[in-house]
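Comments concern the structure below.
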Amino acid sequence: MSDGAVVIVGGTSGICLRLAETYAGRGRDVVVTGRDLERTAAVAAGIPGPGAAAAAAVDLAEPESIAGCLSGVGAVDRLVIGAVDRDENTIAGYDLAAALKLVTLKLVGYAEVVHTLLPRLTGSASILFFGGLALRRPYPGSTTVSTVNGGVTGLVHTLAVELAPIRVNAIHPGIVGDSPYWAGKPAGVLDAVVDRTPLGRLASMDEIVDASIFLLENGAVNGVNLEVDGGWMLR
Ligand SMILES: NC(=O)c1ccc[n+]([C@@H]2O[C@H](COP(=O)([O-])OP(=O)(O)OC[C@H]3O[C@@H](n4cnc5c(N)ncnc54)[C@H](OP(=O)(O)O)[C@@H]3O)[C@@H](O)[C@H]2O)c1
């Protein structure tokens, strides 16, 4: 097994927490991050082993602070960056502060995490970003989300070349029905999406985790923006 932890930025909740639990369950040491250290430490303490789980606090919307916040992180063998703070925004009612926050978090913040941790990446390291299919299937209020997900695609392309031979990929889920953000919505709100999905149901967190591990572990997969949506984009 390689030295170095699986570092999961935005690992206190949802898909990325499930990914951290999966890696720790396979015996890998993980570091999860959220914005609040106490809360993140409590989440890390609840991740079952046999791998160890540590916590760090970092706010990607404040990129100048990222290097200091991650100074305690050691060698990194798998770097996952999935943090999001959703911005419901439209051009007609454009909220500059909200847009700047998400753009900073997803694009500058994601890049600055890689910049900060680059000297600590192992020789076998790989990187995974989270985008999403609002990129290709916008919804009312997705103006900033759709925009930054396009930026994630570009980030993969440029970093896979610049950081070679380190592999860099992204996963772009469709709507993940059992993720905390969607599971809490009123019944029926996703019926139209399910109807449009050839699979007849939405992708699950476990299926996104499985695809994430494929992108992180397969030695030949590089520069890929993988859509995982049960075929939603076909209709
Ligand atoms: N869920 C879906 O259906 C879906 C669909 C398409 C794409 N995606 C993408 O998949 C990824 C995971 O989604 P999810 O729904 O599983 O996430 P989630 O449950 O909403 O969790 C978001 C994570 O981001 C962290 N975070 C929020 N603001 C942050 C900031 N400013 N700086 C650093 N960390 C911050 C949160 O930590 P704290 O709150 O502890 O600070 C939390 O760990 C996201 O990138 C999302 O855009 C999800």
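With protein chains left intact and a 1.4 Å probe, residues in the chain average 45 Å² of accessible area per residue. Start at zero, step by 10 Å, and the Cα-Cα distances of region 167-235 spread as 21, 45, 27, 7, 0 percent across the bins. For region 78-194, the ratio of Cα radius of gyration to the globular rule of thumb 2.2 N^0.38 Å stands at 1.17. From most to least packed by mean Cβ count within 10 Å, the peptides 133-146, 174-187 give 133-146, 174-187. Here the accessible area is traced with a 1.4 Å probe on the protein chains. For the chain, carbon and sulfur cover 56 percent of it. Backbone geometry of region 165-177 corresponds, through the Karplus equation with coefficients 6.51, -1.76 and 1.60 at θ = phi - 60°, to 3J(HN,Hα) couplings of x, 5, 7, 10, 9, 9, 10, 10, x, x, 6, 9, x Hz, x marking Gly and Pro. Among the DSSP helices (H) of the chain, those spanning at least 20 angstrom by Cα along their long axis with an average Kyte-Doolittle hydropathy of -0.5 or more are 143-162; this is a geometric and hydropathy rule only. Calculated [222 nm] ellipticity per residue, helices only, for the chain: -10000 deg cm²/dmol; basis is -39500 (n - 2.57) per DSSP H run with n ≥ 4, divided by all residues, nearest 500. Relative contact order for the chain using alpha-carbon pairs under 8 Å, separation at least 6, rounded to a whole percent? It rounds to 18 percent for the chain.
The charge dipole of region 72-112, taken about its Cα centre with unit charges on the Cβ of Lys, Arg, Asp and Glu (plus for the first two, minus for the last two), comes to roughly 80 debye.
Distant-in-sequence amide contacts of residue 170, defined by a placed amide H-H separation under 5 Å and a gap of 5 or more residues or a different chain, comprise 129, 224, 225, 226.
Simple rule: put +1 on each Lys or Arg Cβ and -1 on each Asp or Glu Cβ in region 52-178, find the dipole, and look at 104, 56, 166; the Cα lying farthest toward the positive end is 166. Subtracting the Cα-Cα distance of residue 199 and residue 221 from 0.36 nm times their residue separation leaves 5.4 nm of extension gain.
Size descriptor for region 124-183, Kirkwood hydrodynamic radius: 12.5 Å (Cα pairs only, one decimal). Mean sequence separation of contacting Cα pairs (under 8 Å, at least six apart), scaled by the length of region 1-88, corresponds to a relative contact order of 36 percent.
Each principal axis of the Cα atoms in the chain has its own extent, and those three values, largest first, are 45, 37, 37 angstrom.
The values are calculated or read from the model by the stated rules, or taken from the named source; none is laboratory data. These numbers come from a predicted model, not from an experiment. Glycine also receives a Cβ, built like all others from the backbone with ideal geometry; neighbour counts cover every protein chain displayed. Keep in mind that these areas ignore ligands, DNA and RNA; they rest on the heavy atoms of the full protein, side chains included. Shrake-Rupley method; radii C 1.70, N 1.55, O 1.52, S 1.80 Å.
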